[in-house]
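Here the structure comes first, spelled out in structure tokens, and everything after it is commentary.
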Amino acid sequence: MTVEIDETHDPKRRSIVDAANRPDAEFPIQNLPLGVFSTADDPAPRIGIAIGDQVFDLGKASAGSDRFGEATRAALQAPVLNPLFSLGRKALRELRHIATEMLDERTSGSLVQQHASELLVPLEHCALHLPTKVSNYTDFYAGIYHARAAGALLTPENPLPANYKWVPIAYHGRASSVQVGQGMVRRPLGQRPPAAAGEPPGFGPCERLDFELEMGFYLARGNRLGSPIRIGEAAEQIAGFSLLNDWSARDIQRWEMYPLGPFLSKSFATSVAPWIVTTDALAPFRVPALPRPEGDPRPLDYLSDEMDQTCGGLDVHLQVLLSTETMRRSNEPAVEILTSNARYLYWTPAQMIAHHTINGCNLQSGDLIGTGTISGPSPAELSSMLEFTNGGSKPVVLPNGEQRGFLQDGDEITFRGRCHRSGFVSIGFGSCVGRILPSNSSSAAER
Ligand code: MN
């Protein structure tokens, strides 16, 4: 893998968009995350870059410019990012350089300034869409602190499975219910564990609805069926990262998941942030992989790469906020309930890709991979309700006195992510939001 810091990361660079130059900006010119947006005036979804409080319309900007290569220009006319990602990381790097130049304040009289009213759209006027057509979604289980804490609650007899330190564990998720994290999530119906052994299961709305704080990443080119991606090449296959919420119905999960893993407890919804922060934008924020404690096995050769161990981790500060209906009615802001960091992953994204494809399985452009819940070692870094309320037994107490063991209808969960490093401009991931709607229990009963 290569980690290249270049002139696009220069902290002195400033944008023609004022809001991008504020120290607290999530989308400074050093970030340039990709997404898909539309407006009321022009409802066709198109590709854009978030810059300050604006969206730079890449579809329009490239259509009239010969600066973009032909293949990139064609890919930028698509309503999703898959064709662009299929051109590979090199094309994404070139695009980053072109966009940096177009949005830099030193490029006076630039195309963007001349046509600012067409090419820059206020973010608040934009509808944001799913950035890729997700054909396949896989969710890993690479957060070892989560695996231990959740395992202790779900399977106390065997908290950390024997294979955990050898196999990057994952399951195939449901691609069709991946949604952009700006909307509503319906509380699922399903079977709940029997009250006592030998009793029939319960049925009804999920009573232990939860979130999982994860990062997601998107495939660039992918691989042909039968041709594994070697670990040393895996990082070149990641187009970029975003925030991901793997909504989870814990009661349904507990009853259904043995022996084949989660099914309906996860497939009702997965939310992703609308913006994909490219692998290139993240170059300054790479860190070593989580050190393996003394006594842990060395990964098998196909999962071992020196460069990956040196800089295959990511330093992203993660934050979860909760807002209840009562809080919103009295104009109280959302409260932070926990923080964590992407550096706590036991397996790196490159190891996940190498493992996923070692049997010949083909990954496709725009496929989505979740890391698994990223909990940290301290109690304030347990990154699901299951873990930090100890299975609901120690509810979190909110400033207005409300308590939550699991999520109630009307609760809104917001994920945020931010990278900091001395000498570099801090970048953000935007937010991934979902609000819980009551279940469809009445209509289910009618059918
Ligand atoms: Mn998960």
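The values are calculated or read from the model by the stated rules, or taken from the named source; none is laboratory data. Since this is a predicted model, take the numbers as computed values, not measurements. Please note: Cβ atoms are built from the backbone with ideal geometry, for glycine as well, and neighbour counts cover all protein chains shown.
Yes/no per residue for (1) within 17 Å of Ile369 (Cα to Cα); (2) modelled with pLDDT under 95; (3) buried (at least 24 other Cβ atoms within 10 Å of the Cβ):
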| position | (1), (2), (3) |
| --- | --- |
| Gly222 | yes, no, no |
| Gly226 | no, no, no |
| Ile231 | yes, no, yes |
| Leu264 | no, no, no |
| Ala269 | yes, no, no |
| Ala283 | no, no, no |
| Leu290 | no, no, no |
| Pro293 | no, yes, no |
For the range 341-388, enumerate the residues that are away from the ligand (no atom under 16 Å from the Cβ), of a type in the set (A, V, I, L, M, F, W, C) and closer than 24 Å to Glu207 by Cα. Ala380
Among the residues of the range 215-260, write down those that are within 16 Å of the ligand (Cβ to nearest atom) and under 30 Å from Pro33 (Cα atoms). Met215, Gly216, Phe217, Phe241, Ser242, Leu243, Leu244, Asn245, Asp246, Trp247, Ser248
Have a look at Ser393, Ser426, Ser439 and point out the one that is under 14 Å from His317 (Cβ atoms) and in the same structural domain as Glu214 (by TED's automatic domain parsing). Ser426
Looking at Glu207, Glu212 in this structure, which one is in contact with a helix residue (DSSP H, G or I) (Cβ under 7 Å, 6 or more places away or on another chain) and of a type in the set (D, E, K, R)? Glu207
Filter the range 362-386 for residues that are part of a helix (DSSP H, G or I) and surrounded by fewer than 24 Cβ atoms within 10 Å (Cβ to Cβ); which is farthest from the chain's Cα centre (by Cα)? Pro379
Scan of the range 160-184 for residues that are modelled with pLDDT of 95 or more and within 15 Å of the ligand (Cβ to nearest atom), ordered by number: Tyr164, Pro168, Ile169, Ala170, Tyr171, His172, Gly173, Arg174, Ala175, Ser177, Val178
Taking the range 137-159 and keeping residues within 16 Å of the ligand (Cβ to nearest atom), touching a helix residue (DSSP H, G or I) at 6+ places or on another chain (Cβ under 7 Å) and part of a loop (DSSP other than H, G, I, E, B) leaves Tyr141, Ala142
Residues satisfying the stated conditions in the range 261-290, i.e. farther than 23 Å from Val180 by Cα and within 16 Å of the ligand (Cβ to nearest atom): Gly261
The residue that is nearest to Ser242 (Cα to Cα), considering only those in the range 102-136 that are assigned to a helix (DSSP H, G or I), of a type outside the set (A, V, I, L, M, F, W, C) and at pLDDT 95 or above, is Glu124
(1) out of contact with any Asp or Glu (no Cβ under 9 Å at 6 or more places or on another chain); (2) of a type in the set (Val, Ile, Thr); (3) at pLDDT 95 or above: which one isn't true of Val3, the others all being true? (3)
